[in-house]
1. If you scan segment 464-506, which residues turn out to be over 14 Å from L323 (Cβ atoms) and among the aromatic types (F, W, Y)?
2. Residue pairs, Cβ under 8 Å, 6 or more apart or interchain, first in segment 78-102 and aliphatic (A, V, I, L, M), second outside any strand (DSSP E or B) and surrounded by 11 or more Cβ atoms within 10 Å (Cβ to Cβ). List them.
3. Listed residues F53, F86; which is more than 21 Å from Q223 (Cβ to Cβ), assigned to a strand (DSSP E or B) and in contact with a strand residue (DSSP E or B) (Cβ under 6 Å, 6 or more places away or on another chain)?
4. Could we say that S371 is assigned to a helix (DSSP H, G or I) and of a type in the set (S, T, Y) here?
5. Of the numbered conditions (1) farther than 15 Å from E440 by Cβ; (2) modelled with pLDDT under 80, R377 satisfies every one except a single condition; which is it?
6. Out of the residues in segment 137-179 meeting the condition of being outside any helix (DSSP H, G or I) and open to solvent by 70 Å² or more (accessible area, probe 1.4 Å), tell me which one is modelled with the lowest pLDDT.
7. Going through segment 436-474 one residue at a time, which ones are aliphatic (A, V, I, L, M) and touching a Phe, Trp or Tyr at 6+ places or on another chain (Cβ under 9 Å)?
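The values are calculated or read from the model by the stated rules, or taken from the named source; none is laboratory data. Only a predicted model underlies this, so the values are computations on that prediction, with no experimental measurement involved. Backbone-built Cβ (ideal geometry, glycine too); neighbour counts: all protein chains shown. Surface accessibility is based on the protein's heavy atoms, side chains included, excluding ligands, DNA and RNA. Shrake-Rupley method; radii C 1.70, N 1.55, O 1.52, S 1.80 Å.
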Amino acid sequence: MKMSHPKRNICIIAGILVLLAAAIAAFKIGVLRYSFSRSVNAELWVMECRARFTANGGPVTAKLSLPYEIPGYYLVVTSQPPGYAFSVQERDGRTLSVWHAEERTGGQSLSCQISFIPDASARPPAEEAPEEPERPRWPAGQKTLAGQLVRSLDPEGKRSVPQFADALFRQIRKGDNPAVSVLFADKRQGAPFLQVVRNLLAMKKIASREVEGVFLTDKRRRQSPVTMLEIYYDGAFHRYDPATGTLSTQKDFVPLRRGGEPLFELSGGRQAKLRFSALKTNISAAGLNRLRGSFIEHSFLMDIIGYELPISEQNVFKRLALLPLAVLLIVIVRNIVGLQSMGTFMPVLIALAFLETGLLTGLIAFLLILSVGLGARALLTNMNLLMVPRISAVVVIVILLMKVISVLSYAFGFTQGQSITFFPLIILAWTIERASMVWEEDGAATMFRQLAVSLAACIPCYFILNNDYLQYLFFTFQEFNLVILALILLLGTYTGYRLTELKRFQPLVNSCSDRS
(Lines give C-alpha, C1' and ligand atoms only; values in the text may rest on other atoms or scores of the structure.)
Protein backbone atom coordinates (compact mmCIF):
# COMPACT_ATOMS: atom_id res chain seq x y z
CA MET A 1 0.00 0.00 0.00
CA LYS A 2 1.45 3.32 -1.09
CA MET A 3 1.72 6.02 1.63
CA SER A 4 -0.02 9.31 0.86
CA HIS A 5 2.05 12.45 0.42
CA PRO A 6 0.83 14.28 3.61
CA LYS A 7 1.30 11.15 5.70
CA ARG A 8 4.83 10.69 4.35
CA ASN A 9 5.66 14.29 5.23
CA ILE A 10 4.36 13.77 8.77
CA CYS A 11 6.53 10.66 9.16
CA ILE A 12 9.58 12.62 7.97
CA ILE A 13 8.84 15.45 10.42
CA ALA A 14 8.36 12.94 13.25
CA GLY A 15 11.69 11.29 12.41
CA ILE A 16 13.46 14.66 12.42
CA LEU A 17 11.97 15.49 15.82
CA VAL A 18 13.13 12.17 17.29
CA LEU A 19 16.66 12.59 15.90
CA LEU A 20 16.82 16.16 17.20
CA ALA A 21 15.73 15.03 20.67
CA ALA A 22 18.33 12.25 20.63
CA ALA A 23 21.07 14.69 19.62
CA ILE A 24 20.21 17.16 22.38
CA ALA A 25 20.02 14.37 24.98
CA ALA A 26 23.39 13.01 23.80
CA PHE A 27 24.91 16.49 24.17
CA LYS A 28 23.61 16.85 27.71
CA ILE A 29 24.88 13.42 28.70
CA GLY A 30 28.22 13.60 26.89
CA VAL A 31 29.16 17.27 27.44
CA LEU A 32 27.15 18.47 30.43
CA ARG A 33 27.47 15.07 32.16
CA TYR A 34 23.72 14.93 32.88
CA SER A 35 22.27 11.64 34.03
CA PHE A 36 18.92 9.88 33.78
CA SER A 37 19.39 8.83 37.40
CA ARG A 38 17.81 10.96 40.12
CA SER A 39 20.02 9.69 42.96
CA VAL A 40 20.27 12.08 45.92
CA ASN A 41 23.37 10.40 47.39
CA ALA A 42 26.00 11.90 45.08
CA GLU A 43 29.02 13.27 46.93
CA LEU A 44 30.35 16.67 45.97
CA TRP A 45 33.79 17.66 47.22
CA VAL A 46 34.95 21.27 47.32
CA MET A 47 38.59 21.98 48.12
CA GLU A 48 39.75 25.49 48.89
CA CYS A 49 43.32 26.70 48.55
CA ARG A 50 44.26 29.93 50.32
CA ALA A 51 47.59 31.68 49.70
CA ARG A 52 48.87 34.49 51.92
CA PHE A 53 51.92 36.58 51.14
CA THR A 54 53.34 40.10 51.32
CA ALA A 55 53.42 42.13 48.10
CA ASN A 56 56.50 44.22 47.31
CA GLY A 57 54.60 47.21 45.94
CA GLY A 58 54.72 46.41 42.23
CA PRO A 59 53.06 43.99 39.82
CA VAL A 60 52.12 40.63 41.34
CA THR A 61 51.74 37.30 39.52
CA ALA A 62 50.90 34.11 41.39
CA LYS A 63 50.58 30.62 39.88
CA LEU A 64 49.19 27.58 41.68
CA SER A 65 49.49 24.06 40.32
CA LEU A 66 46.03 22.47 40.15
CA PRO A 67 45.16 18.81 40.81
CA TYR A 68 45.69 16.23 38.14
CA GLU A 69 42.70 14.30 36.81
CA ILE A 70 41.04 12.22 39.52
CA PRO A 71 39.27 8.92 38.68
CA GLY A 72 35.50 9.30 39.12
CA TYR A 73 35.54 13.13 39.12
CA TYR A 74 36.06 16.04 36.81
CA LEU A 75 37.33 19.29 38.22
CA VAL A 76 36.04 22.85 38.02
CA VAL A 77 38.07 25.82 39.34
CA THR A 78 36.57 29.14 40.42
CA SER A 79 38.06 32.23 42.04
CA GLN A 80 36.89 35.81 42.59
CA PRO A 81 39.86 37.70 44.07
CA PRO A 82 39.23 41.45 44.45
CA GLY A 83 41.58 43.51 42.32
CA TYR A 84 43.16 40.50 40.60
CA ALA A 85 42.66 39.08 37.12
CA PHE A 86 42.13 35.30 37.32
CA SER A 87 42.55 32.65 34.65
CA VAL A 88 43.15 28.92 34.29
CA GLN A 89 46.05 28.08 31.94
CA GLU A 90 47.55 24.94 30.44
CA ARG A 91 51.35 24.72 30.35
CA ASP A 92 53.54 21.72 29.59
CA GLY A 93 50.77 19.27 30.43
CA ARG A 94 49.97 21.07 33.68
CA THR A 95 46.94 23.11 34.70
CA LEU A 96 47.63 26.34 36.59
CA SER A 97 45.52 28.92 38.40
CA VAL A 98 47.01 32.32 37.56
CA TRP A 99 46.36 35.61 39.43
CA HIS A 100 47.74 38.93 38.23
CA ALA A 101 47.52 42.49 39.54
CA GLU A 102 49.34 45.58 38.26
CA GLU A 103 50.24 47.02 41.64
CA ARG A 104 49.91 45.58 45.11
CA THR A 105 51.55 46.30 48.45
CA GLY A 106 51.32 44.81 51.94
CA GLY A 107 49.56 41.61 53.02
CA GLN A 108 47.64 39.77 50.31
CA SER A 109 45.22 36.81 50.36
CA LEU A 110 44.27 34.76 47.32
CA SER A 111 41.93 31.78 47.23
CA CYS A 112 40.36 29.44 44.72
CA GLN A 113 37.80 26.68 45.01
CA ILE A 114 38.15 23.36 43.21
CA SER A 115 34.89 21.42 42.82
CA PHE A 116 35.23 17.65 42.37
CA ILE A 117 32.05 16.87 40.44
CA PRO A 118 31.14 13.16 40.26
CA ASP A 119 31.62 11.68 36.82
CA ALA A 120 31.71 7.90 36.51
CA SER A 121 33.30 8.11 33.06
CA ALA A 122 36.28 10.21 34.22
CA ARG A 123 39.53 8.27 33.98
CA PRO A 124 43.11 9.44 34.58
CA PRO A 125 45.22 9.76 31.44
CA ALA A 126 47.36 6.75 30.59
CA GLU A 127 50.94 7.25 31.73
CA GLU A 128 53.87 6.29 29.58
CA ALA A 129 56.69 4.26 31.02
CA PRO A 130 59.41 6.60 32.34
CA GLU A 131 62.90 6.63 30.92
CA GLU A 132 65.66 4.80 32.75
CA PRO A 133 67.04 7.18 35.40
CA GLU A 134 70.53 8.59 34.96
CA ARG A 135 73.35 7.57 37.27
CA PRO A 136 73.16 9.94 40.24
CA ARG A 137 75.91 12.35 41.16
CA TRP A 138 77.03 12.08 44.78
CA PRO A 139 78.98 14.56 46.87
CA ALA A 140 82.62 13.72 47.49
CA GLY A 141 83.03 10.64 49.65
CA GLN A 142 79.37 9.52 49.46
CA LYS A 143 79.40 7.53 46.23
CA THR A 144 81.28 4.63 47.80
CA LEU A 145 78.98 4.55 50.84
CA ALA A 146 75.91 4.61 48.60
CA GLY A 147 77.25 1.67 46.59
CA GLN A 148 77.95 -0.30 49.75
CA LEU A 149 74.43 0.37 51.04
CA VAL A 150 72.80 -0.74 47.79
CA ARG A 151 74.88 -3.94 47.65
CA SER A 152 74.05 -4.74 51.28
CA LEU A 153 70.34 -4.42 50.58
CA ASP A 154 70.48 -6.68 47.50
CA PRO A 155 73.71 -8.67 47.54
CA GLU A 156 72.64 -11.10 44.80
CA GLY A 157 70.73 -8.54 42.70
CA LYS A 158 67.58 -10.66 42.63
CA ARG A 159 65.21 -8.60 44.69
CA SER A 160 62.16 -7.11 43.01
CA VAL A 161 61.53 -3.37 43.04
CA PRO A 162 58.99 -3.41 45.93
CA GLN A 163 61.23 -5.75 47.93
CA PHE A 164 64.23 -3.47 47.44
CA ALA A 165 62.17 -0.37 48.34
CA ASP A 166 60.87 -2.02 51.52
CA ALA A 167 64.39 -3.07 52.52
CA LEU A 168 65.72 0.44 51.86
CA PHE A 169 63.09 2.19 54.00
CA ARG A 170 63.48 -0.43 56.73
CA GLN A 171 67.23 0.18 56.84
CA ILE A 172 66.64 3.95 56.96
CA ARG A 173 64.28 3.57 59.92
CA LYS A 174 66.71 1.34 61.80
CA GLY A 175 69.59 3.80 61.28
CA ASP A 176 72.28 1.36 62.46
CA ASN A 177 74.14 1.30 59.15
CA PRO A 178 77.06 3.78 59.02
CA ALA A 179 76.26 4.54 55.37
CA VAL A 180 72.71 5.58 56.35
CA SER A 181 74.04 7.91 59.05
CA VAL A 182 76.28 9.70 56.57
CA LEU A 183 73.97 9.78 53.55
CA PHE A 184 70.94 10.95 55.51
CA ALA A 185 72.68 13.29 57.94
CA ASP A 186 70.37 16.30 58.47
CA LYS A 187 68.06 14.96 55.74
CA ARG A 188 65.38 13.29 57.80
CA GLN A 189 62.57 15.18 56.12
CA GLY A 190 61.69 17.22 53.07
CA ALA A 191 63.14 17.33 49.59
CA PRO A 192 66.80 16.53 50.51
CA PHE A 193 65.70 13.27 52.14
CA LEU A 194 63.63 12.25 49.13
CA GLN A 195 66.44 13.17 46.75
CA VAL A 196 68.83 10.79 48.54
CA VAL A 197 66.22 8.01 48.40
CA ARG A 198 65.68 8.62 44.70
CA ASN A 199 69.45 8.56 44.07
CA LEU A 200 69.71 5.18 45.81
CA LEU A 201 66.82 3.85 43.71
CA ALA A 202 68.40 5.24 40.56
CA MET A 203 71.54 3.20 41.28
CA LYS A 204 69.31 0.14 40.80
CA LYS A 205 67.83 1.74 37.66
CA ILE A 206 64.48 2.21 39.40
CA ALA A 207 62.49 5.24 38.20
CA SER A 208 60.86 7.43 40.86
CA ARG A 209 59.45 10.92 41.30
CA GLU A 210 58.23 13.28 43.99
CA VAL A 211 54.53 14.07 44.26
CA GLU A 212 53.07 16.82 46.42
CA GLY A 213 49.39 17.03 47.30
CA VAL A 214 46.72 17.14 49.97
CA PHE A 215 44.17 14.75 51.42
CA LEU A 216 40.56 15.07 50.29
CA THR A 217 38.89 14.42 53.62
CA ASP A 218 36.63 16.31 56.00
CA LYS A 219 38.86 15.34 58.91
CA ARG A 220 41.73 17.53 57.73
CA ARG A 221 41.15 21.27 57.79
CA ARG A 222 43.75 23.96 57.06
CA GLN A 223 46.26 21.32 55.99
CA SER A 224 49.63 21.95 54.41
CA PRO A 225 50.76 20.08 51.27
CA VAL A 226 52.31 16.67 51.89
CA THR A 227 55.21 15.28 49.82
CA MET A 228 55.11 11.61 48.84
CA LEU A 229 57.37 9.37 46.74
CA GLU A 230 56.14 7.44 43.69
CA ILE A 231 58.15 4.41 42.53
CA TYR A 232 57.60 2.83 39.12
CA TYR A 233 57.18 -0.94 38.76
CA ASP A 234 54.67 -3.41 37.28
CA GLY A 235 53.71 -0.85 34.64
CA ALA A 236 52.55 1.89 37.04
CA PHE A 237 53.72 4.35 39.69
CA HIS A 238 53.12 3.27 43.30
CA ARG A 239 52.93 5.87 46.05
CA TYR A 240 55.00 5.51 49.24
CA ASP A 241 54.76 7.49 52.44
CA PRO A 242 58.30 8.72 53.23
CA ALA A 243 57.49 9.08 56.92
CA THR A 244 56.78 5.35 57.33
CA GLY A 245 58.32 3.91 54.18
CA THR A 246 55.18 1.90 53.50
CA LEU A 247 53.09 1.64 50.37
CA SER A 248 50.25 4.17 50.68
CA THR A 249 46.75 2.74 50.30
CA GLN A 250 44.91 6.01 50.93
CA LYS A 251 42.56 6.79 48.05
CA ASP A 252 41.82 10.37 49.12
CA PHE A 253 45.23 11.81 48.25
CA VAL A 254 44.98 14.51 45.58
CA PRO A 255 48.28 15.14 43.72
CA LEU A 256 48.97 18.81 42.96
CA ARG A 257 52.42 18.58 41.40
CA ARG A 258 54.88 15.89 40.32
CA GLY A 259 58.62 15.84 39.82
CA GLY A 260 60.47 19.14 39.94
CA GLU A 261 57.43 21.27 39.12
CA PRO A 262 56.85 24.12 41.62
CA LEU A 263 53.57 23.99 43.52
CA PHE A 264 53.26 27.76 43.93
CA GLU A 265 55.13 30.42 41.97
CA LEU A 266 55.09 34.01 43.18
CA SER A 267 56.47 37.07 41.41
CA GLY A 268 56.35 40.45 43.16
CA GLY A 269 55.83 39.07 46.65
CA ARG A 270 57.47 37.16 49.51
CA GLN A 271 56.75 34.93 52.52
CA ALA A 272 54.04 32.88 50.79
CA LYS A 273 52.07 30.38 52.85
CA LEU A 274 49.57 27.84 51.49
CA ARG A 275 46.67 26.23 53.33
CA PHE A 276 44.15 23.73 51.98
CA SER A 277 40.71 22.76 53.29
CA ALA A 278 38.16 20.27 51.98
CA LEU A 279 34.41 19.99 52.44
CA LYS A 280 32.10 17.14 51.44
CA THR A 281 28.37 17.62 50.82
CA ASN A 282 25.58 15.43 49.46
CA ILE A 283 23.83 16.86 46.44
CA SER A 284 20.83 15.83 44.38
CA ALA A 285 20.96 15.02 40.69
CA ALA A 286 19.18 18.27 39.87
CA GLY A 287 21.74 20.19 41.94
CA LEU A 288 24.58 18.44 40.12
CA ASN A 289 23.02 19.29 36.76
CA ARG A 290 22.73 22.93 37.77
CA LEU A 291 26.34 22.97 38.96
CA ARG A 292 27.69 21.19 35.88
CA GLY A 293 25.87 23.45 33.48
CA SER A 294 26.84 26.65 35.26
CA PHE A 295 30.53 25.99 34.53
CA ILE A 296 30.28 25.33 30.81
CA GLU A 297 31.29 28.02 28.36
CA HIS A 298 27.86 28.13 26.69
CA SER A 299 26.03 29.40 29.78
CA PHE A 300 23.00 30.41 27.69
CA LEU A 301 22.14 26.72 27.51
CA MET A 302 21.30 26.82 31.22
CA ASP A 303 18.72 29.51 30.53
CA ILE A 304 17.11 27.27 27.91
CA ILE A 305 17.15 24.23 30.20
CA GLY A 306 15.62 26.20 33.06
CA TYR A 307 18.04 25.64 35.94
CA GLU A 308 18.78 29.37 36.11
CA LEU A 309 15.15 30.19 36.85
CA PRO A 310 14.05 30.96 40.43
CA ILE A 311 13.18 27.84 42.42
CA SER A 312 9.46 28.71 42.57
CA GLU A 313 9.28 29.00 38.78
CA GLN A 314 11.29 25.80 38.36
CA ASN A 315 8.68 23.94 40.39
CA VAL A 316 5.95 25.24 38.09
CA PHE A 317 7.81 24.30 34.91
CA LYS A 318 8.61 20.83 36.24
CA ARG A 319 4.88 20.09 36.14
CA LEU A 320 4.27 21.96 32.92
CA ALA A 321 7.01 19.89 31.27
CA LEU A 322 4.88 16.79 31.92
CA LEU A 323 1.73 18.22 30.33
CA PRO A 324 2.63 16.85 26.85
CA LEU A 325 2.88 13.34 28.35
CA ALA A 326 -0.57 13.72 29.92
CA VAL A 327 -1.91 15.11 26.64
CA LEU A 328 -0.50 12.05 24.84
CA LEU A 329 -2.47 9.87 27.22
CA ILE A 330 -5.68 11.69 26.33
CA VAL A 331 -4.92 11.30 22.60
CA ILE A 332 -4.51 7.55 23.08
CA VAL A 333 -7.74 7.31 25.11
CA ARG A 334 -9.76 9.17 22.48
CA ASN A 335 -8.16 8.13 19.15
CA ILE A 336 -6.90 4.62 19.87
CA VAL A 337 -9.18 3.34 22.62
CA GLY A 338 -12.16 5.35 21.34
CA LEU A 339 -13.57 6.64 24.63
CA GLN A 340 -15.29 10.01 24.65
CA SER A 341 -14.41 12.38 27.50
CA MET A 342 -16.18 15.49 28.71
CA GLY A 343 -14.14 17.95 26.68
CA THR A 344 -10.88 17.22 24.93
CA PHE A 345 -8.29 18.16 27.55
CA MET A 346 -10.49 18.82 30.57
CA PRO A 347 -9.05 15.73 32.39
CA VAL A 348 -5.52 17.20 32.16
CA LEU A 349 -6.60 20.59 33.52
CA ILE A 350 -8.54 19.03 36.37
CA ALA A 351 -5.52 16.81 37.16
CA LEU A 352 -3.44 19.99 37.49
CA ALA A 353 -5.90 21.21 40.13
CA PHE A 354 -5.70 17.82 41.91
CA LEU A 355 -1.96 18.41 42.37
CA GLU A 356 -2.83 21.17 44.84
CA THR A 357 -5.93 19.69 46.44
CA GLY A 358 -4.91 16.05 46.59
CA LEU A 359 -6.60 13.28 44.62
CA LEU A 360 -9.32 12.20 47.02
CA THR A 361 -10.17 15.71 48.22
CA GLY A 362 -10.16 16.96 44.65
CA LEU A 363 -12.50 14.23 43.40
CA ILE A 364 -15.00 14.84 46.20
CA ALA A 365 -14.93 18.61 45.71
CA PHE A 366 -15.16 18.30 41.93
CA LEU A 367 -18.20 16.01 42.08
CA LEU A 368 -19.85 18.24 44.70
CA ILE A 369 -19.33 21.43 42.66
CA LEU A 370 -20.42 19.67 39.47
CA SER A 371 -23.61 18.38 41.09
CA VAL A 372 -24.59 21.77 42.49
CA GLY A 373 -23.64 23.45 39.21
CA LEU A 374 -25.82 21.08 37.20
CA GLY A 375 -28.72 21.84 39.49
CA ALA A 376 -28.18 25.58 39.10
CA ARG A 377 -27.84 25.16 35.33
CA ALA A 378 -31.19 23.36 35.21
CA LEU A 379 -32.87 26.24 37.07
CA LEU A 380 -31.28 28.84 34.78
CA THR A 381 -32.44 26.93 31.70
CA ASN A 382 -36.07 27.51 32.69
CA MET A 383 -35.39 31.28 32.71
CA ASN A 384 -34.54 31.22 28.97
CA LEU A 385 -31.26 33.12 29.46
CA LEU A 386 -28.79 33.62 26.65
CA MET A 387 -25.69 31.42 26.62
CA VAL A 388 -23.07 33.97 27.80
CA PRO A 389 -25.15 35.32 30.74
CA ARG A 390 -26.07 31.73 31.64
CA ILE A 391 -22.43 30.61 31.78
CA SER A 392 -21.49 33.78 33.67
CA ALA A 393 -24.19 33.05 36.24
CA VAL A 394 -22.81 29.51 36.63
CA VAL A 395 -19.31 30.97 37.19
CA VAL A 396 -20.63 33.22 39.95
CA ILE A 397 -22.45 30.30 41.59
CA VAL A 398 -19.28 28.17 41.41
CA ILE A 399 -17.23 30.96 43.04
CA LEU A 400 -19.75 31.29 45.87
CA LEU A 401 -19.80 27.53 46.35
CA MET A 402 -15.99 27.33 46.48
CA LYS A 403 -15.94 30.10 49.07
CA VAL A 404 -18.53 28.30 51.18
CA ILE A 405 -16.49 25.07 51.01
CA SER A 406 -13.28 26.89 52.03
CA VAL A 407 -14.95 28.70 54.97
CA LEU A 408 -16.60 25.51 56.26
CA SER A 409 -13.35 23.57 55.88
CA TYR A 410 -11.50 26.17 57.93
CA ALA A 411 -14.24 26.20 60.59
CA PHE A 412 -14.08 22.42 61.00
CA GLY A 413 -10.27 22.25 60.78
CA PHE A 414 -10.26 20.45 57.42
CA THR A 415 -7.25 22.16 55.81
CA GLN A 416 -7.41 20.19 52.56
CA GLY A 417 -10.75 21.74 51.73
CA GLN A 418 -9.23 25.22 51.68
CA SER A 419 -7.19 24.34 48.58
CA ILE A 420 -10.38 24.02 46.53
CA THR A 421 -9.70 27.50 45.14
CA PHE A 422 -7.06 25.96 42.85
CA PHE A 423 -9.78 24.56 40.59
CA PRO A 424 -9.91 26.48 37.27
CA LEU A 425 -13.19 28.39 37.40
CA ILE A 426 -13.77 28.67 33.67
CA ILE A 427 -13.12 24.96 33.16
CA LEU A 428 -15.60 24.09 35.91
CA ALA A 429 -18.24 26.40 34.47
CA TRP A 430 -17.65 25.09 30.95
CA THR A 431 -17.79 21.48 32.19
CA ILE A 432 -21.12 22.15 33.87
CA GLU A 433 -22.44 23.78 30.69
CA ARG A 434 -21.15 20.93 28.53
CA ALA A 435 -22.58 18.27 30.84
CA SER A 436 -25.99 19.96 30.77
CA MET A 437 -25.99 20.11 26.95
CA VAL A 438 -25.01 16.46 26.63
CA TRP A 439 -27.77 15.53 29.11
CA GLU A 440 -30.34 17.44 27.09
CA GLU A 441 -29.19 16.23 23.65
CA ASP A 442 -28.00 12.65 24.25
CA GLY A 443 -29.50 11.73 27.59
CA ALA A 444 -28.24 11.24 31.13
CA ALA A 445 -26.54 7.91 30.34
CA THR A 446 -24.25 9.50 27.76
CA MET A 447 -23.46 12.39 30.09
CA PHE A 448 -22.55 10.13 33.01
CA ARG A 449 -20.49 7.87 30.71
CA GLN A 450 -18.44 10.80 29.39
CA LEU A 451 -18.01 12.14 32.91
CA ALA A 452 -16.81 8.73 34.14
CA VAL A 453 -14.30 8.54 31.26
CA SER A 454 -13.06 12.04 32.08
CA LEU A 455 -12.49 11.17 35.74
CA ALA A 456 -10.93 7.83 34.82
CA ALA A 457 -8.49 9.62 32.48
CA CYS A 458 -7.91 12.33 35.06
CA ILE A 459 -6.53 9.90 37.66
CA PRO A 460 -3.56 8.57 35.58
CA CYS A 461 -2.88 12.15 34.45
CA TYR A 462 -2.65 13.12 38.12
CA PHE A 463 -0.12 10.37 38.87
CA ILE A 464 1.92 11.32 35.78
CA LEU A 465 2.04 15.00 36.74
CA ASN A 466 2.79 14.17 40.38
CA ASN A 467 5.66 11.74 39.70
CA ASP A 468 8.93 13.19 41.01
CA TYR A 469 11.16 11.14 38.74
CA LEU A 470 9.19 12.07 35.61
CA GLN A 471 9.31 15.72 36.70
CA TYR A 472 13.10 15.53 36.97
CA LEU A 473 13.46 13.62 33.71
CA PHE A 474 11.25 15.84 31.54
CA PHE A 475 12.50 19.07 33.13
CA THR A 476 16.14 18.12 32.65
CA PHE A 477 15.64 16.52 29.24
CA GLN A 478 12.91 18.74 27.85
CA GLU A 479 13.73 17.48 24.38
CA PHE A 480 11.72 14.36 25.27
CA ASN A 481 8.67 16.48 24.53
CA LEU A 482 9.82 16.51 20.91
CA VAL A 483 9.43 12.73 20.97
CA ILE A 484 5.94 13.18 22.47
CA LEU A 485 5.13 15.63 19.68
CA ALA A 486 6.35 13.11 17.09
CA LEU A 487 4.12 10.39 18.59
CA ILE A 488 1.11 12.73 18.58
CA LEU A 489 1.72 13.58 14.92
CA LEU A 490 1.94 9.88 14.04
CA LEU A 491 -1.23 9.10 16.00
CA GLY A 492 -2.90 11.89 14.06
CA THR A 493 -2.45 9.83 10.89
CA TYR A 494 -4.15 6.75 12.34
CA THR A 495 -7.41 5.99 10.52
CA GLY A 496 -7.96 2.41 11.61
CA TYR A 497 -10.54 0.97 13.98
CA ARG A 498 -10.57 2.07 17.59
CA LEU A 499 -10.58 -0.59 20.31
CA THR A 500 -14.16 0.18 21.27
CA GLU A 501 -15.20 -0.08 17.61
CA LEU A 502 -13.76 -3.58 17.40
CA LYS A 503 -16.13 -4.63 20.14
CA ARG A 504 -18.97 -2.63 18.60
CA PHE A 505 -18.67 -4.28 15.17
CA GLN A 506 -17.91 -7.78 16.49
CA PRO A 507 -21.52 -8.99 15.79
CA LEU A 508 -21.14 -8.01 12.11
CA VAL A 509 -17.90 -9.96 11.84
CA ASN A 510 -19.52 -13.02 13.43
CA SER A 511 -22.56 -12.86 11.13
CA CYS A 512 -20.35 -12.59 8.02
CA SER A 513 -18.30 -15.57 9.11
CA ASP A 514 -21.50 -17.62 9.69
CA ARG A 515 -22.73 -16.89 6.14
CA SER A 516 -19.49 -18.01 4.62
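1. Hits for segment 464-506 are Y469, Y472, F477, Y494, Y497, F505.
2. Close Cβ pairs (under 8 Å, with a partner that is outside any strand (DSSP E or B) and surrounded by 11 or more Cβ atoms within 10 Å (Cβ to Cβ)) amount to V88/L66; L96/L66; A101/P59; A101/G83; A101/Y84.
3. Details: F53 fails: more than 21 Å from Q223 (Cβ to Cβ).
One residue alone meets the criteria, F86.
4. So S371 fits the description; yes.
5. Every listed condition holds for R377 apart from (1).
6. Pass one, segment 137-179, residues outside any helix (DSSP H, G or I): 137-142, 154-160, 175-177.
Of the ones still in play, those that are also open to solvent by 70 Å² or more (accessible area, probe 1.4 Å) are 137, 139-140, 155-156, 158-159, 176.
Details: R137: 83, P139: 79, A140: 74, P155: 84, E156: 82, K158: 82, R159: 86, D176: 77.
Only one residue tops the list, namely A140.
7. Correct list: M447, L455, I459, L465, L473.
Residue-by-condition table, conditions (1) over 21 Å from I459 (Cβ atoms); (2) assigned to a helix (DSSP H, G or I); (3) modelled with pLDDT of 75 or more:
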{"position": "P347", "(1), (2), (3)": "no, yes, yes"}
{"position": "L367", "(1), (2), (3)": "no, yes, yes"}
{"position": "I399", "(1), (2), (3)": "yes, yes, yes"}
{"position": "K403", "(1), (2), (3)": "yes, yes, yes"}
{"position": "S406", "(1), (2), (3)": "yes, yes, no"}
{"position": "L428", "(1), (2), (3)": "no, yes, no"}
{"position": "I432", "(1), (2), (3)": "no, yes, yes"}
{"position": "S436", "(1), (2), (3)": "yes, yes, yes"}
